[in-house]
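First the structure, in the form of structure tokens, and then the observations on it.
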Amino acid sequence: QTQYTAIITETQGRVATITLNRPEALNALSNTLIAELVEAATAFDADPNIGAIVITGSERAFAAGADIKAMLELEYSDILAGGLTSTWNGFEQMLTPTIAAVSGFALGGGCELAMMCDIIIAADSAKFGQPEINLGVIPGFGGTQRLPRAIGKYKAADMILTGRMMGAEEAERSGLVSRVVPAAELREAAQQVAEVIASKSRPSVQAALSTLQAAEETSLAEGLRLERTAFAALFATEDQTEGMRAFAEKREANFKHR
Ligand code: CAA
């Protein structure tokens, strides 16, 4: 077991949980935290026994952004060299579904980390925002691209230009959040959603994820071509036969590739 200093990892059945753990800084995303998070997540992604990954923080903060005190020392050439922003590459290419379980602050890089995940479950206490404008910068971990795709141009411009926070209810209404649950039930709700996903056939989960990802980046025509190819390919899997046979026989599917 790798020793981490800024995160805690655990597994329960086929679900892995990564808890951001820098309470003294409201889980600000230091270089160490980001490196550990990406390393742990990509290791779980490569583990055939793990079918979904939950990423969470504390009750008070999912993550209050990139570490401002560390960034204070950085200049143009440091950021261009990619130390801060390129570290996420491995995380964004994973094929294991990720669920952000957000309680409290998800600001700046914290909001962007949540948006790198596939599903966002929010406690009713959650507060989302991209306050970078207050620091004389702009979002740097994908916020200017993912927020407008999630909530539309006008709402995203409101958030990014004013730096205001959005509560869980507004975030759900706007399409940023998949579900809102009472704060006390957040961990359990995320675990349950993760277990449901981890019980499905992995080839179909991966095909669903990669076509969903394509929906964010390609034209409709290209996306539909990808979907048709991926849909057809799943008919070459044993789990497609099993899934459809189980339906016809009125029983639960017993998927081979989980
Ligand atoms: N970086 C470093 N330290 C942070 C931090 C951050 N992003 N957010 C909070 N902290 C630290 C505080 O400095 C404080 O530490 P000390 O006790 O040592 O002073 C501790 O966490 C607790 O925070 P507060 O005392 O400020 O707590 P609060 O309840 O009064 O306020 C808050 C909470 C509104 C979230 C406030 O902490 C805040 O505004 N944080 C910064 C949010 C922000 O601007 N995030 C964007 C960062 S830039 C970015 O993320 C760039 C990018 O896109 C890549």
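Before moving on, here are some points about what is shown:
- Total residues in the range 156-172, condition open to solvent by 30 Å² or more (accessible area, probe 1.4 Å), among the hydrophobic types (A, V, I, L, M, F, W, C) and over 13 Å from residue 108 (Cβ atoms): 2
- Of the numbered criteria (1) more than 17 Å from residue 62 (Cα to Cα); (2) within 16 Å of the ligand (Cβ to nearest atom), the one residue 141 fails is (1).
- Any hit, the range 128-143, residues being open to solvent by 10 Å² or more (accessible area, probe 1.4 Å), touching a Pro at 6+ places or on another chain (Cβ under 8 Å), more than 14 Å from residue 176 (Cα to Cα) and in contact (Cβ under 8 Å) with a residue 60 or more places away in the chain: yes
- Residue list for the range 128-144, restricted to those being under 21 Å from the mean Cα position of the chain (by Cα) and outside any loop (DSSP other than H, G, I, E, B): 128, 129, 131, 132, 143, 144
- For the range 82-114, the set of residues classified as hydrophobic (A, V, I, L, M, F, W, C) and within 11 Å of the ligand (Cβ to nearest atom) consists of 84, 88, 105, 106, 107, 111, 113, listed by residue number.
- The strands (runs of 3 or more DSSP E) found entirely in the range 5-124 that carry 1 or more residues being more than 17 Å from the chain's Cα centre (by Cα) are 7-12.
- In the range 32-60, of all residues being touching a helix residue (DSSP H, G or I) at 6+ places or on another chain (Cβ under 7 Å) and within 13 Å of the ligand (Cβ to nearest atom), the one that is most open to solvent (accessible area, probe 1.4 Å) corresponds to 59.
- The range 61-71: number of residues that are near the ligand (Cβ under 6 Å from one of its atoms) and either free of Cβ contacts under 8 Å to residues at least 60 places away in the same chain or among the small types (Gly, Ala, Ser) (or both): 5
- The residue list 153, 200 contains one member that is more than 12 Å from the ligand (Cβ to nearest atom) and buried (at least 18 other Cβ atoms within 10 Å of the Cβ), which is 200.
- Among the candidates 79, 119, residue that is more than 14 Å from the ligand (Cβ to nearest atom), open to solvent by 10 Å² or more (accessible area, probe 1.4 Å) and not small (Gly, Ala, Ser): 119
The values are calculated or read from the model by the stated rules, or taken from the named source; none is laboratory data. Owing to the predicted nature of the structure, the values given are computational and were not obtained by experimental measurement. Virtual Cβ from ideal backbone geometry, glycine too; neighbours counted across all protein chains shown. SASA here: full protein model, heavy atoms, side chains in, ligands and nucleic acids out. Shrake-Rupley method; radii C 1.70, N 1.55, O 1.52, S 1.80 Å.
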